[in-house]
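The values are calculated or read from the model by the stated rules, or taken from the named source; none is laboratory data. Predicted model, so just to flag it, every value in this text is computed and none were measured. A quick note on method: Cβ atoms are made from the backbone with ideal geometry, for glycine too, and the neighbour counts reach across all protein chains shown.
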Amino acid sequence: MAKLAGLNRKNKWPYLFITPYFLFYAVFSLFPIVFTLYLSFTDWDLFGNRNFIGLDNYKQLFFNDKFFWKSMFNVILFIACYLPALVLIGMLLASLIESKLIKRKTFFRLSFFSAYMTTPVAIGIIFALLFDWQGGFVNNLFIELGWISEKINWLGDSTSARWIVIMMVFWKNLGYFLMFYSAGMASIDNSVYEAAQIDGASPKDVFLRITIPLLKPINLFLIVTTIIGGLQMVEEPMLLYSGWASGTSMVGGPDGSVFTPIWYMFDASFNGSSFKYGKGAAIAYSTFLFIALFSLVGMKWLNRDGDSK
Amino acid sequence: MRLQKLLLYVVLVLASLVFLFPFYMMLTMGTYYSEDLFKTLPILPSSYLLENLKTVVSPSFLLNYWNSFYVAVLFTAASVGVCAMTGFAFAKYEFRGKGFLYGFILLTMMIPGQLGLIAFVMEMKWFHLNNTHAPLIISGLNNAFGVFFMTQFMRSSVPTEVIESARIDGCTEPRIFGSIVIPFLMPAISTLGLICFLGSWNNYLLPLVTINRPELYTLPLGIANLSTQYRTDYSASILGLTLGTLPLIILFLFGSKTLVRGLTGGAVKG
């Protein structure tokens, strides 16, 4: 009987310990998520419209809104450019840094990681200033070197604007990828490498047949989280075009070439004259659909790749 | 072998120089007189640092700094506290619904943070919490990753025997948590704390949509608006960026091992 009482006493506490979390979650996270879904079926805005309009927001987005598709295309294009580069160059650089021949590993790790430690707000602004049309460092340098005769409006052209965003994300995240690969390589047992060396494997073979397969769980994690994060990208292009460089205060960059879905959501819901919460909510949920789709496909693809080997 | 080694170093040094470059530019551009910034190539540091400091370290900038700091501290404390408590229950108790609830938390980790943002902002307005720092701190209270992290850590590093014997000695459950479990948790607390602090310090979007009074701005907002405050004085504004990054660098220098372990831990262990 005493034992039972003890159990009962014990049973009250775990619920008390988890209550705050679930309470906060329900009020500040679950409710907003569900309510945003409801909003996406309405024309709710700041000016008093509260009408239920069914799937109209989604129909409008999917069939009549070139901005939505353009922003979605942009982020997918960006990911397609920087993700393979991050994975390949990240693994290569990490294996160089972790090689036995290199002494000052911490210095190299830190110098690549410095970008990741820079406040995201600063990154957009630094790149805006470096690529500024009139007085930017890149233009001044290229003229000094005689590579160009006239200053180029990097941020005003849609192609170069896209490359700048891709570069920015690559620059920022390489250190993050390196950190994961370094940690992963450090956890690989040294005897595996020694055995390969005894068997006469070349560095290339070691990299392709030992390092890459053993890093697979890390790659799975990095690729899936980068896709999820990449589809939600917003701060980098937003701050690139926040008006720091000459004539660059525009939504979405030139021709909307660096517009992103979440930026569109912000612009529709919180900016200027629109304040269309319903439309913003529909953009949020549509983006979420794409995120779910892409991360499922990504996980499936990576796992199947592993099974066949 | 020697040639190979030299080649390796050349490649690595060149690559790290390229990667340090924008960061380095941020540091040097802050030391220039604004007019000179666009006439020359600001590669070497100049001598205008103190003047720029005087310009940028204004009462409003310091206020932004303070806002960011105290919001980040409260955000971190709230987040880590709630996560530790919840993780304790999941790791050290058996109770009905545990598997389901833990699975639910793991599932919510997959949901992107922006999904409920519009309704969250509306909700904050209904509670009359817009134009306060409360939404920024509240957003730290449901950190699914933190609960997962704490539960994993507690399962592997807090011995159940110690808890059992404390219980036999008549220790109450909150005291067990407060004075026996917490000391074991210090490594996890510092790691999760660093990650939370970083997230709060860098947060730009949430304050952007919930705060529009300059005296309540956090640092990222203040920095983004420096350009309109000193439209002509670019160097001073860039120095502001450096000052905004400074705490992160200090945190990283002191906690790099903890931070790296925390960030990579889940994925590397698999």
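Details
- Condition check for B:GLY178: assigned to a helix (DSSP H, G or I) and either within 12 Å of chain A (Cβ to nearest Cβ) or crowded, with 21+ Cβ neighbours inside 10 Å (or both): yes
- Within the range B:100-112, being facing another protein chain (nearest Cβ under 8 Å) and closer than 22 Å to A:MET265 by Cα holds for B:THR108, B:MET110, B:ILE111, B:PRO112.
- For the condition within 17 Å of B:PHE252 (Cβ to Cβ), in contact with a helix residue (DSSP H, G or I) (Cβ under 6 Å, 6 or more places away or on another chain) and modelled with pLDDT under 90, B:LEU198 does not qualify.
- Options A:LEU155, A:LEU174, A:LEU178, A:LEU141; residue that is in a helix (DSSP H, G or I), buried (at least 20 other Cβ atoms within 10 Å of the Cβ) and facing another protein chain (nearest Cβ under 8 Å): A:LEU174
- Residue among A:LYS66, A:LYS59 that alone is without any contact (Cβ under 8 Å) to a residue 24 or more places away in the chain, among the basic types (Lys, Arg) and in contact with a helix residue (DSSP H, G or I) (Cβ under 9 Å, 6 or more places away or on another chain): A:LYS66
- The condition of being surrounded by fewer than 17 Cβ atoms within 10 Å (Cβ to Cβ), small (Gly, Ala, Ser), more than 8 Å from every other protein chain (Cβ to nearest Cβ) and closer than 17 Å to B:PHE177 by Cα holds for only one of B:ALA91, B:ALA77, B:ALA84, that being B:ALA77.
- Residues that are part of a helix (DSSP H, G or I) and more than 11 Å from every other protein chain (Cβ to nearest Cβ) within the range A:231-241 comprise A:PRO237, A:LEU240, listed in sequence order.
- Which listed residue, of A:MET185, A:MET91, is within 13 Å of chain B (Cβ to nearest Cβ) and either under 21 Å from the mean Cα position of the chain (by Cα) or touching a residue at least 12 places away in the same chain (Cβ under 8 Å) (or both): A:MET185
- Filter result for the condition that a residue is in a helix (DSSP H, G or I), facing chain B (nearest Cβ under 9 Å), among the hydrophobic types (A, V, I, L, M, F, W, C) and within 24 Å of the chain's Cα centre (by Cα), over A:LEU110, A:LEU96, A:LEU61, A:LEU77: A:LEU110
- Residue match in the range A:97-106 (condition: without any contact (Cβ under 8 Å) to a residue 12 or more places away in the chain, aliphatic (A, V, I, L, M) and closer than 20 Å to B:LEU253 by Cβ): no
- Evaluated against (1) in contact with a Pro (Cβ under 9 Å, 6 or more places away or on another chain); (2) assigned to a helix (DSSP H, G or I), A:THR118 falls short on exactly one condition, (2).
- For the condition basic (Lys, Arg) and surrounded by 17 or more Cβ atoms within 10 Å (Cβ to Cβ), A:LYS70 qualifies.
- Candidate set from the range A:242-258 (those that are away from every other protein chain (no Cβ under 11 Å) and surrounded by fewer than 24 Cβ atoms within 10 Å (Cβ to Cβ)); member that is modelled with the highest pLDDT: A:SER257
- Checking B:VAL82 against (1) under 30 Å from A:LYS12 (Cβ atoms); (2) not in a helix (DSSP H, G or I), the condition it does not meet: (2)
- Of everything in the range B:2-14 that is over 11 Å from A:ILE97 (Cα atoms) and at the interface with chain A (Cβ under 9 Å from one of its Cβ atoms), the residue that is surrounded by the fewest Cβ atoms within 10 Å (Cβ to Cβ) is B:GLN4.
- Hits in the range B:146-175 - residues which are in a helix (DSSP H, G or I) and without any contact (Cβ under 8 Å) to a residue 40 or more places away in the chain: B:SER156, B:SER157, B:GLU161, B:VAL162, B:GLU164, B:SER165, B:ALA166, B:ARG167, B:ILE168, B:GLU173, B:PRO174, B:ARG175
- Within the range B:113-138, tally of residues that are at the interface with another protein chain (Cβ under 7 Å from one of its Cβ atoms), under 23 Å from the mean Cα position of the chain (by Cα) and not aliphatic (A, V, I, L, M): 3
- Qualifying residue in the range A:199-212 (condition: over 26 Å from the mean Cα position of the chain (by Cα), assigned to a helix (DSSP H, G or I) and over 23 Å from A:ARG109 (Cα atoms)): yes
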